[in-house]
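Take a look at the structure below.
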Amino acid sequence: MIESTLAHRTQDDVASVTHDLENGGVRIVIGTFLDNSGVFRAKQVPGAKGGSFHSPGLGAAPSWAVFAIDDQLVLTSAFSVVGDMRLRVDLDAIRNLGDGVAWAPIELADQHGRPLGHCARGALRRHQVAFESDGIETLAAFEIEFTCFDSVTGRVGDGPAYGLGPLLDRSKFLDDVHESFAVAGLMIEQLHAEYGMGQIELTTEPASALEAADNYVLARIVLGRVARAHGVKLSFSPRPVHNGIGNGAHLHVSYSRNGEPLFSGGNGPHGLSRDGAAAIAGLVKWLPESMGVLAPSLLSSTRLQPGNWSGAFACWGLENREAALRLCEATPGNTRGANVEIKCVDHSANAYSAAALILGLSRRGIQEELELPDEVPMDPGSLSDDERTARNIVTIGGAQASNIESMRSSQVVRTILGDVLVDAMVAVREHEVELASTLSAEELIEKFRYSWSV
Ligand code: GLU
Ligand code: MG
């Protein structure tokens, strides 16, 4: 059970963590803040100062919440030039990355140490706690797809899809990836060359939702460190190359109550329990107004298209790779048990906000006892528009501007994430609409290829 806010540790406790860091050879503690544009911002302190990064934390302007992908500040009345906040690392989540460097995720507080409403990690923490207070445990993991470019020539790696060749071409880099993940205490479950040129995917072991989002961030940081040492530049863009395959950040989730899974062992389709079915119903119902959070950037819709296995249709189906919600059943081949893969998420999303929203929608579906819509057992893209309408299948790869508008006016999204966080997301994404307005698709892909890289 985690606490509902990031508690302040006692001075003794902080001193002992600092002592341990120094004994572990930690010279530098890096704290990261994943912002509302999906960009990693960071500060670092010497190991001996690790405790003060937790409490009281380091100062930063509230406008960190409204940094856009081009580093413009999109100031609003809530996020102006006035004010100050504290960046506080969560010492429960600190990891030693080796080479004298430790990392921890940041939560936002005011100068009195009180949590701030626009903190995405705080929002995820709240939703996990809410689920836990209903007696429901969460288990989650992100799939991480990325594309490798040569940092000198800019050349993208070769295929073939799922091939051995791309793994051997990059074997030194990938050896180091495995080793560095192990040092950071993050177990890689599998790694393979994906369908796109130069594209790699890796997955890490599942954990509670908050830990899963932290693991995602940690993985991104480790990859960024290792890539630099091997002359590789990694793109996490939803569309890294023109006429190529997109990078997804699919989120797998499952829920259990008193050890009993909600997505298996029940009387519903494929063993779904009543609550498991209602959770999926909530996701199907509110996904269309959630795209400003889950696939929010100026390049997201170029990825989220039918035929890309990116989940461009708000529907669910057993092992259906074109449905936004792919149900993975509890079979002997599926040792982690039944789970739902939310495929429409990409790396331009803030992983904490995305996971908080997914938990919130699932929980609301359960609370409202929603009816599970019919399963879609085929490729929704193979149906005509009329057939999709008859089955209530909504296409979700729409224009960024309309996704922002749907998010802005969604009472459900606002209730789950809070107005102040939603308004910050609206501000930075509206700025992206403006940025995109004068550029062709090719220019956008080139210009923002590394915007979400670490
Ligand atoms: N690259 C695809 C995407 O953008 C996903 C392919 C897969 O199913 O792994 O989401
Ligand atoms: Mg994949």
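Evaluate region 219-234: report whether one residue or more is over 24 Å from Asn96 (Cβ atoms) and either within 16 Å of ligand 2 (Cβ to nearest atom) or modelled with pLDDT of 95 or more (or both). Even if it seems obvious, please write down each step before you answer.
Restricting attention to region 219-234, the residues satisfying the condition of being over 24 Å from Asn96 (Cβ atoms) are 231, 233.
Checking the rest, the ones that are also either within 16 Å of ligand 2 (Cβ to nearest atom) or modelled with pLDDT of 95 or more (or both) come to 231, 233.
Yes, region 219-234 has at least one match.
Pairs please, first residue from region 282-311 and under 16 Å from His250 (Cβ atoms), second anywhere and within 16 Å of ligand 2 (Cβ to nearest atom) and in a helix (DSSP H, G or I), Cβ atoms under 9 Å, 6+ apart in sequence or on different chains.
Pairs found: Ala295/Arg303; Ser310/Arg303.
Name, by its number, the condition in (1) open to solvent by less than 20 Å² (accessible area, probe 1.4 Å); (2) part of a loop (DSSP other than H, G, I, E, B); (3) over 28 Å from Glu137 (Cβ atoms) that does not hold for Ser80.
All conditions pass for Ser80, except number (1).
Scan region 59-77 residue by residue and report those that are more than 28 Å from Leu299 (Cβ to Cβ) and either among the charged types (D, E, K, R) or open to solvent by less than 40 Å² (accessible area, probe 1.4 Å) (or both).
Filtering region 59-77 for residues more than 28 Å from Leu299 (Cβ to Cβ) gives 59, 77.
Result: Gly59, single match.
Go through region 147-167 and give me each residue that's among the small types (Gly, Ala, Ser) and either open to solvent by 50 Å² or more (accessible area, probe 1.4 Å) or assigned to a helix (DSSP H, G or I) (or both). Reasoning before the result, please.
First, the residues of region 147-167 that are among the small types (Gly, Ala, Ser): 151, 154, 157, 159, 161, 163, 165.
Ser151, Gly165, listed by residue number.
Count, please, the residues in region 2-23 that happen to be within 30 Å of the chain's Cα centre (by Cα) and either polar (S, T, N, Q) or assigned to a loop (DSSP other than H, G, I, E, B) (or both).
Total satisfying the criteria: 9.
Quickly run through region 96-120 and pick out the residues that are in a strand (DSSP E or B), open to solvent by 40 Å² or more (accessible area, probe 1.4 Å) and more than 16 Å from Glu22 (Cβ to Cβ). Before the answer, list the steps.
Kept after step one, since they are in a strand (DSSP E or B), are these residues of region 96-120: 96-98, 101-109, 115.
Next, only the ones that are open to solvent by 40 Å² or more (accessible area, probe 1.4 Å) stay: 96, 115.
Residue satisfying the conditions is Pro115 alone.
Just checking, how many residues over region 52-77 are part of a helix (DSSP H, G or I) and in contact (Cβ under 8 Å) with a residue 60 or more places away in the chain?
2
Please specify each residue of region 168-205 satisfying the condition of being among the hydrophobic types (A, V, I, L, M, F, W, C), open to solvent by less than 10 Å² (accessible area, probe 1.4 Å) and part of a strand (DSSP E or B).
Residues satisfying the conditions are Ala193, Ile200, Leu202.
I'd like the full set of residues that are of a type outside the set (S, T, N, Q), within 10 Å of ligand 1 (Cβ to nearest atom) and surrounded by fewer than 24 Cβ atoms within 10 Å (Cβ to Cβ), limited to region 305-338. Don't jump to the end; show me each part of the working.
First, the residues of region 305-338 that are of a type outside the set (S, T, N, Q): 306-307, 309, 311-319, 321-330, 332-333, 336-338.
Within this subset, residues satisfying the condition of being within 10 Å of ligand 1 (Cβ to nearest atom) are 309, 311-312, 321-322, 326.
Selection gives Trp309, Arg321, Glu322, Arg326.
Just one of Ile136, Ile144 is within 16 Å of ligand 2 (Cβ to nearest atom) and surrounded by 19 or more Cβ atoms within 10 Å (Cβ to Cβ); which is it? If you could, list the steps in order and put the result at the bottom.
Numbers: Ile136 fails: within 16 Å of ligand 2 (Cβ to nearest atom).
Residue meeting the stated conditions: Ile144.
Taking the stated definitions as given, is Arg239 within 16 Å of ligand 2 (Cβ to nearest atom), modelled with pLDDT of 95 or more, of a type in the set (D, E, K, R) and open to solvent by 10 Å² or more (accessible area, probe 1.4 Å)?
On the way: within 16 Å of ligand 2 (Cβ to nearest atom): yes; modelled with pLDDT of 95 or more: yes; of a type in the set (D, E, K, R): yes; open to solvent by 10 Å² or more (accessible area, probe 1.4 Å): yes.
Yes: the conditions hold for Arg239.
Output the residues belonging to region 348-373 that are buried (at least 24 other Cβ atoms within 10 Å of the Cβ) and assigned to a loop (DSSP other than H, G, I, E, B).
Those that are buried (at least 24 other Cβ atoms within 10 Å of the Cβ) and assigned to a loop (DSSP other than H, G, I, E, B): Ser348, Ala349, Asn350.
Residues being assigned to a helix (DSSP H, G or I) and either open to solvent by 20 Å² or more (accessible area, probe 1.4 Å) or over 18 Å from Val66 (Cβ atoms) (or both): count how many of those fall in region 414-445. Walk me through it before giving the result.
Taking region 414-445 and keeping what is assigned to a helix (DSSP H, G or I), we get 414-417, 419-436, 441-445.
Filter again for either open to solvent by 20 Å² or more (accessible area, probe 1.4 Å) or over 18 Å from Val66 (Cβ atoms) (or both), leaving 414-416, 419-420, 423, 430-431, 433-436, 441-445.
Residues flagged as assigned to a helix (DSSP H, G or I) and either open to solvent by 20 Å² or more (accessible area, probe 1.4 Å) or over 18 Å from Val66 (Cβ atoms) (or both) within region 414-445 amount to 17.
Here are some residues: Asn247, Asn215. Which one is more than 16 Å from ligand 1 (Cβ to nearest atom), touching a residue at least 12 places away in the same chain (Cβ under 8 Å), crowded, with 24+ Cβ neighbours inside 10 Å and among the polar types (S, T, N, Q)? Steps first, please.
Details: Asn247 fails: more than 16 Å from ligand 1 (Cβ to nearest atom).
That would be Asn215, the only listed residue that is more than 16 Å from ligand 1 (Cβ to nearest atom), touching a residue at least 12 places away in the same chain (Cβ under 8 Å), crowded, with 24+ Cβ neighbours inside 10 Å and among the polar types (S, T, N, Q).
Does Arg220 satisfy being basic (Lys, Arg), more than 16 Å from ligand 1 (Cβ to nearest atom) and open to solvent by less than 10 Å² (accessible area, probe 1.4 Å)?
Taking the combined requirement at face value, the residue satisfies it.
Considering only residues that are open to solvent by 20 Å² or more (accessible area, probe 1.4 Å), in a loop (DSSP other than H, G, I, E, B) and under 19 Å from Thr335 (Cα atoms), which ones fall in region 259-272?
We begin by selecting, within region 259-272, every residue open to solvent by 20 Å² or more (accessible area, probe 1.4 Å); these are 259-261, 264-270.
Add one more test, that the residue is in a loop (DSSP other than H, G, I, E, B), and what stays is 259, 264-268.
Answer for region 259-272, where residues must be open to solvent by 20 Å² or more (accessible area, probe 1.4 Å), in a loop (DSSP other than H, G, I, E, B) and under 19 Å from Thr335 (Cα atoms): Gly259, Ser264, Gly265, Gly266.
Of the residues Asn247, Asn267, Asn215, which is among the polar types (S, T, N, Q) and over 14 Å from the mean Cα position of the chain (by Cα)? Give the derivation first.
Working: Asn247 fails: over 14 Å from the mean Cα position of the chain (by Cα); Asn215 fails: over 14 Å from the mean Cα position of the chain (by Cα).
Going through Asn247, Asn267, Asn215 in turn, the sole match is Asn267.
Away from ligand 2 (no atom under 16 Å from the Cβ), open to solvent by less than 10 Å² (accessible area, probe 1.4 Å) and under 17 Å from the mean Cα position of the chain (by Cα): which single residue out of Ser208, Ser297 fits that description?
None of the others qualify; the one that does is Ser297.
Among the residues in region 250-264, are any more than 16 Å from ligand 1 (Cβ to nearest atom), in contact (Cβ under 8 Å) with a residue 24 or more places away in the chain and closer than 30 Å to Ser171 by Cα?
no
Kindly indicate which of Ser55, Ser16 is surrounded by 17 or more Cβ atoms within 10 Å (Cβ to Cβ) and either more than 30 Å from Asp134 (Cβ to Cβ) or acidic (Asp, Glu) (or both). Explain how you work it out, then say what you get.
Values: Ser16 fails: surrounded by 17 or more Cβ atoms within 10 Å (Cβ to Cβ).
Being surrounded by 17 or more Cβ atoms within 10 Å (Cβ to Cβ) and either more than 30 Å from Asp134 (Cβ to Cβ) or acidic (Asp, Glu) (or both) holds for just one of Ser55, Ser16, which is Ser55.
The values are calculated or read from the model by the stated rules, or taken from the named source; none is laboratory data. Predicted model, so just to flag it, every value in this text is computed and none were measured. Positions of Cβ are backbone-derived with ideal geometry, glycine not excepted, and every protein chain shown enters the neighbour counts. Quick note on the areas: whole protein, heavy atoms, side chains included, nothing else; ligands and nucleic acids left out. Shrake-Rupley method; radii C 1.70, N 1.55, O 1.52, S 1.80 Å.
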